[in-house]
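What follows is calculated from the coordinates using simple rules that are stated; it is not laboratory data. Being a predicted model, the structure only gives us computed values, none of them experimental. Note: ideal-geometry Cβ built from the backbone for every residue, glycine included; neighbour counts use all protein chains shown.
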Amino acid sequence: MILAFYLSMPNCASWDGKWSGDGKKYVIVKTFQGKKSVENAEKIRQTGYYHYSWSDGWGAGITVHQVNSSQAAKLRKESQGFCGYNWMVDTICDYGQPMGTHEVVKYLKQQMM
C-alpha cells in the first residue's frame, strides 16, 4: 500500500494570518509492505486527517490519501519536501498521531507503567 501525506498549515499565527508555504505542494510518499505494516497503513488511511498544535497558535494539518505507484512517482517529483516536519509522518506511522520528541518520551513512559 502506498500512502501520500500532505502538509498544510490551517492555523497560522503570523502577522497576516498566512503561511509562506501556501500554494506549494508538501508531500511525503511512503510504501507499506508486509501484513502488519499494511494493517497499520490501513488505519492511517481510514483516519485520513491529523492535526498538530503548537503553543504559539500555529497548527499543522496532515491529510492522508492512498495512491498508486504512478501517482506516487508524480507526487515525489512535485513535492517541495515537508518543511522539516517529517517527524510528524514518522510519529503518525509509529504511534498513530503526530507527536514532538517530548510527547513521544511521555507516551513511552506511560506505556511502561
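Across the cross-link table entries LYS30/LYS74; LYS18/LYS106; LYS43/LYS77; LYS30/LYS77, which are compared at the Cα atoms, the separations over 22 Å belong to LYS18/LYS106; LYS43/LYS77. Would you tally the net charge around MET9, using a Cβ to Cβ cut-off of less than 14 Å, leaving MET9 out, and scoring K and R as +1, D and E as -1? Here the count lands on 0. Whole-Hz Karplus values for the range 19-26 come out as 9, 4, x, 4, x, 9, 9, 10 Hz, taken residue by residue from phi with 6.51 cos²θ - 1.76 cosθ + 1.60 and θ = phi - 60°; glycine and proline positions read x. Placing dummy labels 7 Å off each Cα toward the beta-carbon, the span from GLN71 to LYS106 is 3.5 nm. If you take the beta carbon distance between ASP56 and GLU78 as r and set R0 to 30 Å, what does 1/(1 + (r/R0)^6) give as a FRET efficiency, to the nearest 0.05? According to the calculation, E is roughly 0.50. Taking each DSSP H run with n ≥ 4 as -39500 (n - 2.57) and averaging over every residue of the chain yields -12000 deg cm²/dmol at 222 nm. Note on the chain: GNM, Cα springs under 10 Å; of GLU42, GLU103, GLU78, the largest mean-square fluctuation is that of GLU103. Taking chymotrypsin sites (Phe, Trp or Tyr not before Pro) across the range 21-76, the ones in a DSSP loop with at most 11 further Cβ atoms lying within 10 angstrom of their Cβ are TRP54.
Taking amide hydrogens as placed 1.01 Å from N in the peptide plane, the amide H of GLY81 sits under 5 Å from those of VAL27, each at least 5 positions away in sequence or on another chain. According to the Cα gyration tensor, what semi-axes, each the square root of 5 times an eigenvalue, does the equivalent ellipsoid of the chain have, listed from largest to smallest in whole Å? With the √(5λ) rule applied to the chain, the semi-axes are 23, 22, 10 Å.
Using Cα-Cα distances under 8 Å and only pairs 6 or more residues apart, what relative contact order does the chain have, in percent? 33 percent.
Rounded to the nearest 20 debye, the dipole size of the range 2-112 about its Cα centre is 380 debye, using +1 on the Cβ of Lys and Arg and -1 on the Cβ of Asp and Glu. Of the trypsin sites (Lys or Arg not before Pro) found in the range 1-91, those in coil by DSSP whose Cβ has at most 14 other Cβ atoms within 10 Å are LYS18, LYS24, LYS25.
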